[in-house]
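Structure, as structure tokens:
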Amino acid sequence: LASVVYNKPLNRAQESCSEQCGELLSTCSCQVTCQSLGNCCPDYKEFCLQISPYSGSLMGGKAFLLENTAFNTSSVLTCRFKQKIETRGYTDKDGKAYCISPLLYETGFIPFEVSVDNRVSFPYSGTWLSVHHSKVSDEEKCTLVNETKWQYYGTPNTYGNLTLTWTHQALEETHVNIEVWGYHETGDSYSENWLAEWKYLYTLAREIPNTGELTFTPVPAEGSYSTWDFGILRITPGSYSDGQSNIPSLWSNEHALAWHLGKDFRNDPSAWATAKCMEWDRKEEKLPNFKEEIIDCPCTLAQARADTGRFHTDYGCDIEKGSVCTYHPGAVHCVRAIQASPQYAAGQQCCYDSTGTQILTHDSTGGSTPDRGHDWGSPPFMNPPRIPGFSHWLYDVISFYYCCLWSDNCQFYMQRRPSSDCRTYRPPRAASAFGDPHFFTFDGLNFTFNGLGEYVLVESDLTSLRVQGRTQQGRLPNGTGAQGTGLSAVAMQENNSDVIEVRYSEDLNLEVLLNQKVLNFSEQTWMDLEGLFLHSTPDQNITVMFSSGSGAEIRGNGGFLTLTVLLPEKFMNHTQGLFGVMNGNTEDDYTFRNKTTIPVHASPQQLFEFGANWAIENGTSLFTYDTEFLLNNFYYGEKHNASFLPVFFPYEDPADPLVEEMVSLCDSDAFCRFDVLTTRSLQVGNSTRLSHQNHRLLVEHLEPVISCGWLDHPINGTKNGTNYLLGSTISFICNQGFELTGSEERTCQASGAWSGDKPSC
């Protein structure tokens, strides 16, 4: 007893979270888990800042509230981002404190600290989410009314007044300034001195009443300003000086500055744009060829929509939003490659028509065009061509205005930005787990494993990818425990990426945790994180896209999670865990840690041993243990609960009234029947049936497709057909007065080669 008393801290001063956020102190915690564990230091909420709103455009100028922190109104607030960029904060009359977000050349979570003692110390800290300028809601921007008119101003039939509108309550002053800013990139392409800069150019309107609207007749900008053809407008409170950085601001959309271009543009827009197009074409000639290293397109729309680890909907042409494809006539859906190419950070785009066939620029102006600058930017951002949105505008969008929209020289653009076909595209492999957990391996084997614990679903030595699953006991309708389990949490990481965990909370809400902190998707549904991108749909379908091209999709389904993991071909022979060894051979899918295997037709009891063998160890766990329940059952308990024995063969009792309903719901789906019997719930059975169906469809959509590649028409002739996949036939006709030699039709063969010979006229 004496030793226990002796070890008690003797009235130690209470520890503080000042400058300690994220740390575990000896008597209390400043980590995000402390609130649910109830062991926070008393001043945790004061120093570890919660902010509202939590996100805004990378252009900056947005005020956000520091919650739970009261400063006296005379405090001078300094907010410091990334330990170097400082902005002035302010306190309102109620003592509420605000920071202003800075102009950043990157997206993602940006750490910041706050000082109230004139920058002597920065004891308060938090994170701000910087997002792509197009992912910010329209209310936060000023609006170019009839944006097309601004961007075509001075071209034939486009002149008159322009109108700018904004929410006047967003800036709390009676008078405002409206400024023009330009974007450029200086230095040598792809070298150390290549730099990006947003630059204040001039003030369009000074000290005008803050009414929320300005109408004006644009005149050519003075002097050299009129050579800036890509930029943005900024509205600021009238009390600030011209071009002052990181002050409260409302930015417009970035746009082509046709409306302020010089007299030479207005006198003859087509000639001006043609000269610009030719200059761009000459510059492109000297730049490295990025097209050799971008990923090829999926061959079909079904493949493109199924390969969610590597391709994501292009918001400019979305089949789920009615296929409004302005820049791609004839397309119903386009996707963009998620990751930028390795060396040049270039982007890929792929468009498809209503038959699901790829549209190529060689055949149609609606074809997809790859990008020298990836629209979403790419880590580590900061330098060209990796600046989110703006590098892309400079290399791929303003040049489209020069060549295709302001003049009739689109062939030059299409020559530099031709669509990639799909000859080298290889679909990923999919593995899934769902229901009362049923598993489909990458090689297509399926089994049921009802262990209770935390297990390795897949790990790979190729990229240190780890995906782990936690199961919990199902509940019967009367509240007692079922004789089966289901996925309740999935955690994952690749190399040194952020850790993502998706789980059901104790009140059965779906939660997504980023490095142990619960994320909030109310403002942003897409997040650029360390080593991965994260996307959540409104109905909480979570997609994680790792930088290797591997992806995971997690859905909540009837109380259990459904997980699908997609791995590109390079992971062949580099996986282990419950999802098996991905190599196209099912024989070795049940491989234990010590490399022994059991046969494909193993009994459920043998499979139970196989599953138990892949229980994780505490040292390697990616999970967050932030409640008593999780600590007791999973952290301190066994990783595989050997005392829990599931039912291996649920009994179908003909006298059981549930069996008749089960047969009409499940038909021949054995997984659905199993789950209805073990959980006594038709809802769980139906969720399982749908997940099983979705997995089968996904595997079907990811079947490899053979492409023979694009075929040109003969000179002095035409061709019929634009589908270059297995079995399709292209026919050729010569113009009048010409005779055809070679093949009149050619068919795409299983070897990937066209039949017949090249025709000529």
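Read-outs throughout are calculated quantities, based only on the coordinates presented, and are distinct from any laboratory measurement. Owing to the predicted nature of the structure, the values given are computational and were not obtained by experimental measurement. Methodologically, a virtual Cβ is constructed for each residue, glycine included, from the backbone with ideal geometry; neighbour enumeration extends over all protein chains shown.
Tell me, what does the Kirkwood hydrodynamic radius of segment 431-493 come to in angstroms if you use every pair of distinct C-alpha atoms?
On the way: mean 1/r = 0.0793 Å⁻¹.
Taking every pair of different Cα atoms in segment 431-493, averaging 1/r and inverting gives 12.6 Å.
Taking Cβ-Cβ under 4.7 Å as the only way to count a partner, pick out the unpartnered cysteines of the chain.
C142
What number comes out for the charge environment of E192, summing +1 per Lys or Arg and -1 per Asp or Glu over other residues with Cβ under 15 Å away? List each step's numbers first, then the result.
Numbers: positive: R386; negative: E185, D188.
The answer is -1.
Would you mind checking the pairs K291/K570; K286/K758; K291/K719 and listing those with alpha carbons more than 23 angstrom apart?
On the way: K291/K570 20 Å; K286/K758 33 Å; K291/K719 26 Å.
From the list (K291/K570; K286/K758; K291/K719), the Cα-Cα distance tops 23 Å for K286/K758; K291/K719.
Return, ordered by residue number, the residues of segment 104-118 whose backbone nitrogen is under 20 Å from a label point located 7 Å along Cα→Cβ of K45.
Counting backbone N atoms under 20 Å from the label point, the list is 114.
What's the whole-number percent of alpha carbon pairs in segment 1-154 lying beyond 25 angstrom?
44 percent
Is any residue of segment 148-191 close enough, with backbone N under 14 Å, to a label point placed 7 angstrom from the Cα of D92 along the Cα-Cβ axis, and if so, which?
Residues 169-173 fall inside that zone.
How high is the FRET efficiency from V145 to T203, r the C-beta distance, R0 22 Å, rounded to 0.05? Intermediate results must be reported in sequence, preceding the final value.
Details: r = 20 Å, r/R0 = 0.92.
It comes out at approximately 0.60.
I need the shape label for segment 49-131. Rule: rounded when a/c is under 1.5, else prolate if a/b > b/c, else oblate, with a, b, c from the alpha carbon gyration tensor.
On the way: a/c = 1.89, a/b = 1.47, b/c = 1.28.
Because a/c hits 1.5 or more and a/b exceeds b/c, segment 49-131 counts as prolate.
How charged is the neighbourhood of S249? Take every other residue with its Cβ under 11 Å from the Cβ of S249, and add Lys/Arg as +1 and Asp/Glu as -1. Each step should come with its number before you reach the end.
Values: positive: K62, K141, R234; negative: E140, E179.
Neighbour charge sum, excluding S249 itself: +1.
Under a straight-distance cross-link criterion of Cα-Cα below 19 Å, which aspartates and glutamates are reachable from K96, leaving out those fewer than 8 residues away in the same chain?
Straight-distance partners of K96: D43, E46, E67, E113, D117, E172, E173.
Describe numerically, in nm with one decimal, the distance between label points set 7 Å from Cα along Cα→Cβ at Q35 and at I733.
7.0 nm
Using 1/(1 + (r/R0)^6) with R0 = 25 angstrom and r between the beta carbons of V324 and S137, what's the FRET efficiency to the nearest 0.05?
On the way: r = 19 Å, r/R0 = 0.76.
Efficiency, rounded to the nearest 0.05: 0.85.
Compute the Cα gyration tensor for segment 263-355, then decide on rounded, prolate or oblate, letting a ≥ b ≥ c be the square roots of its eigenvalues: rounded whenever a/c is under 1.5, prolate when a/b is larger than b/c in the other cases, and oblate in all that remain.
Working: a/c = 3.15, a/b = 1.49, b/c = 2.11.
Here segment 263-355 falls in the oblate category.
Suppose each label sits 7 Å from its Cα in the direction of the beta carbon; what would the T424-S464 distance come out to in nanometres?
Using points 7 Å along Cα→Cβ, the separation is 2.9 nm.
Roughly what would the spin-label model give for K570 and E222, points 7 Å off Cα along C-beta, in nm?
5.4 nm
Distances over 47 Å make up what percent of all Cα-Cα pairs in the chain?
On the way: 92821 of 289180 pairs.
Every Cα pair in the chain considered, those over 47 Å come to 32 percent.
Using the beta-carbon distance between S755 and T167 and R0 = 45 Å, what value does 1/(1 + (r/R0)^6) give for FRET efficiency, to the nearest 0.05? Please report the intermediate quantities before stating the final value.
Working: r = 63 Å, r/R0 = 1.40.
The formula returns an efficiency of 0.10 here.
Using alpha carbons only, what's the Rg to Rh ratio of segment 706-760 with Rh from Kirkwood? Write out the running numbers ahead of the final one.
Values: Rg = 11.0 Å, Rh = 11.2 Å.
Checking Rg against Rh, the ratio lands at 0.98.
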